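Asks: Take this structure first; my questions come after.
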Amino acid sequence: MNDRIRAVALGNDPADLLIKNGRVVDVLTGEIYEANVAIADGFIAGVGDYQLGKRTIDATGKYIIPGLINTYCHVESSMATPQNYCAEELRWGVTTLITDPHEIANVAGNKGVKYMLEATRALPINYYVQVPSCVPATPFEHAGCVLDAEYMKELLELDGVLGLGEVMNVPGVLGGAPDVMVKLELFKSKIIDGHAPSVGGKALQAYVAHGIATDHESIAWSEAKEKLRAGLAILVREGSASKNLTAIMQGAVTDGIDTRRMAFCTDDKHLADIRREGTIRHCVRQAIDLGLDTVRALQMATINAAQIFGLGKLGAIAPGWQADVLVVDNLSDLKPEYVFHKGEDALEKLAKVSTVLPDESLSGSVHVAPFTEEVFASEQFTADKEYPVIEILPGQIFTERGSVHGKDVASLLEEGKLCMLAVIERHHGTGNVGVGLLRGYGLQNGAAATTVAHDSHNLIVAGTNARDMFVAAQELIRVQGGYTLVREGEVVDTLPLSICGLMSDAPAEELIKRLDEITAKAWGMGVSRDIDAYITLSFMALPVIPKLRVTDMGVFDAEKFQFIQ
């Protein structure tokens, strides 16, 4: 504590900011009580009967709560630049982000990670990075870069680096793979995020015993509870494609479980969804609607998150804690009237921050070997064989496994009851193309394609005929990444994402408008309204989520960790 903060705390000097007559939500004790909050030099100097302030806000009838914390997200998945993404988070009261930039790392390695940090240095938000642990996610696909332990050392001590990102290579952990072990050893004194979908029993015990601290992949309460008992902190996820909060929080409320080791995250959330409802604010409101006590829900969004990640004096309103503070009208809506970061009006400061543009090398990232329309021909599925089919589950990124006889493929494609799914390697021009089948997407007579394809971000195309799929792929090569939609050989719409084929530098309003437009057109072509047209598609190439996926190397069984076609 410096002399200035001490003088304000003692009531001898006026606070830089005094929030008067509000109801303080004390996440340390679980109480709500009336008090004034005095802030000096970016910290809370005192909570109580303070009357002197250089700037005073009357919060009569309102609530004073800590800034919200999003414990796990991929900023790149919003398709907005870090500055534009953070602006949306701040408007809804998130003052701390814990991010895993493995999307851009898979395309551009350390250069991409450094850009994400540099672009946020001047922003009024606590922006932390978990170093991507699995680039590529598995050896069963080709990424733009390989981020091994030696490359990680370059990032380890950078300001803003908090720990190690989601450890997706569960077999590598359980088998003691040397490359995985050296990464865990490198980060043993920092927080290590987990990624263990459907892992339980002795496998879970062994996984956690390696020092892994969190998990955001639970889709059912039984899974989350087993992980809590094993010592993992559960990051309850509610994104655009993965909506797990209801199932987990219903279970927690029913069982009366202690939620101190639980927090909220989004993982991947559409920018339009964030603009409409926020991220962690939305999670808190849902949890309250499901029966969780209001203060406990806010604890999950603040102090729980800070303590899980060792963030010291973040996440509460008390003397000596960083002055990340929200003023909200009520605890049911949770719409911020003021957002303060280190005692300053975050939205006012945000408007004055200059944009940090990426290096030119982060554009022009789509490098595809020449290919022909025949790559997508339905004739490759021979009549006398049975083929695996990826079955989309509404509201989930998990998939089921189906099958179809080769003799039926052509007719089902024509009828719109099936889509072909192709993943084209786009980083090094290897010529790799994996082809499989997809049911539940709903597209009729056309093709949709994207270079946002988790986690290696190759070019993924879903379609009902070879011609449209070929045109869609060529269109994304032309614009160097983005979303596109094709019908009858003509481009219906394209949204370019020029930064690594992942992000646009367009203002949020313009980007949201374009995303809404191309999504609506996809729905108009039959894509199921039960899924996000492009975010769901982007996960069909992710080989660490059960059950079936397609990578640039073929159809992959994500439970057995082997190719099946």
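Asks: Which numbered condition in (1) without any contact (Cβ under 8 Å) to a residue 40 or more places away in the chain; (2) more than 13 Å from residue 366 (Cα to Cα) is the only one that residue 485 fails?
Replies: (1)
Asks: Considering only residues of segment 41-100 that are of a type in the set (A, V, I, L, M), within 29 Å of the chain's Cα centre (by Cα) and part of a strand (DSSP E or B), which is modelled with the lowest pLDDT?
Replies: Going through the qualifying residues, I end up with 80.
Asks: Could you list all residues from segment 1-40 that are assigned to a helix (DSSP H, G or I) and either modelled with pLDDT under 95 or surrounded by fewer than 18 Cβ atoms within 10 Å (Cβ to Cβ) (or both)?
Replies: Residues satisfying the conditions are 3, 4, 6, 7.
Asks: Let me ask something else. I need every pair where a residue in segment 214-230 that is assigned to a helix (DSSP H, G or I) has its Cβ under 7 Å from the Cβ of a residue that is of a type in the set (Asp, Glu), sequence separation at least 6 or different chains.
Replies: Hits for this filter: 227/215.
Asks: Say we look at segment 255-276 and pick out the residues that are under 16 Å from residue 79 (Cβ atoms) and outside any helix (DSSP H, G or I); which of these is farthest from the chain's Cα centre (by Cα)?
Replies: 270
Asks: OK, next. Is it true that residue 519 is surrounded by 19 or more Cβ atoms within 10 Å (Cβ to Cβ) and over 30 Å from residue 169 (Cα atoms)?
Replies: yes
Asks: While we're looking at this one, here's another question. Residues that are touching a residue at least 60 places away in the same chain (Cβ under 8 Å), surrounded by fewer than 21 Cβ atoms within 10 Å (Cβ to Cβ) and of a type in the set (A, V, I, L, M, F, W, C): list the helices (runs of 4 or more DSSP H) wholly contained in segment 288-364 that include at least 1 such residues.
Replies: Ranges flagged: 294-301, 346-350.
Asks: Also: On the basis of being in contact with a Ser or Thr (Cβ under 8 Å, 6 or more places away or on another chain) and closer than 30 Å to residue 116 by Cβ, does residue 88 make the cut?
Replies: yes
Asks: What pairs come up if the first residue lies in segment 500-520 and is within 29 Å of residue 109 (Cα to Cα), the second is of a type in the set (Val, Ile, Thr) and in a loop (DSSP other than H, G, I, E, B), and their beta carbons are under 6 Å apart, counting only those six or more places apart or on different chains?
Replies: Final answer for the pair search is 501/366; 501/451; 502/452; 503/81; 505/81.
Asks: Here's a check for you: in segment 534-565, which residue that is more than 23 Å from residue 174 (Cβ to Cβ) and of a type in the set (A, V, I, L, M) is nearest to the chain's Cα centre (by Cα)? Don't jump to the end; show me each part of the working.
Replies: Looking only at segment 534-565, we keep the residues that are more than 23 Å from residue 174 (Cβ to Cβ), and these are 534-541, 550, 552, 554-555, 565.
Next cut, of a type in the set (A, V, I, L, M) only: 535, 537, 540-541, 550, 555.
Working: 535: 11, 537: 15, 540: 16, 541: 16, 550: 21, 555: 25 Å.
Ranking the candidates gives 535 first.
Asks: Is it the case that segment 455-471 has a residue that's more than 25 Å from the chain's Cα centre (by Cα), of a type in the set (Ser, Thr, Tyr) and crowded, with 19+ Cβ neighbours inside 10 Å?
Replies: yes
A quick yes/no check of all residues on (1) surrounded by 14 or more Cβ atoms within 10 Å (Cβ to Cβ); (2) under 30 Å from residue 367 (Cβ atoms); (3) touching a Pro at 6+ places or on another chain (Cβ under 9 Å); (4) not assigned by TED's automatic domain parsing to the domain that holds residue 248:
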| position | (1), (2), (3), (4) |
| --- | --- |
| 128 | yes, no, no, no |
| 145 | yes, yes, yes, no |
| 183 | yes, yes, no, no |
| 186 | yes, no, no, no |
| 191 | yes, no, no, no |
| 201 | no, no, no, no |
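Asks: Would a scan of segment 103-111 turn up a residue that is over 26 Å from residue 262 (Cα atoms), in contact (Cβ under 8 Å) with a residue 24 or more places away in the chain and of a type in the set (Lys, Arg)?
Replies: Checked segment 103-111: at least one residue is over 26 Å from residue 262 (Cα atoms), in contact (Cβ under 8 Å) with a residue 24 or more places away in the chain and of a type in the set (Lys, Arg).
Asks: Could you grab me the full set of residues in segment 506-516 that are in contact with a helix residue (DSSP H, G or I) (Cβ under 8 Å, 6 or more places away or on another chain) and surrounded by fewer than 19 Cβ atoms within 10 Å (Cβ to Cβ)?
Replies: 507, 516 - these are the residues of segment 506-516 that are in contact with a helix residue (DSSP H, G or I) (Cβ under 8 Å, 6 or more places away or on another chain) and surrounded by fewer than 19 Cβ atoms within 10 Å (Cβ to Cβ).
The values are calculated or read from the model by the stated rules, or taken from the named source; none is laboratory data. Only a predicted model underlies this, so the values are computations on that prediction, with no experimental measurement involved. Note that each Cβ is placed from the backbone with ideal geometry, even for glycine, and that neighbours are counted across all protein chains shown.
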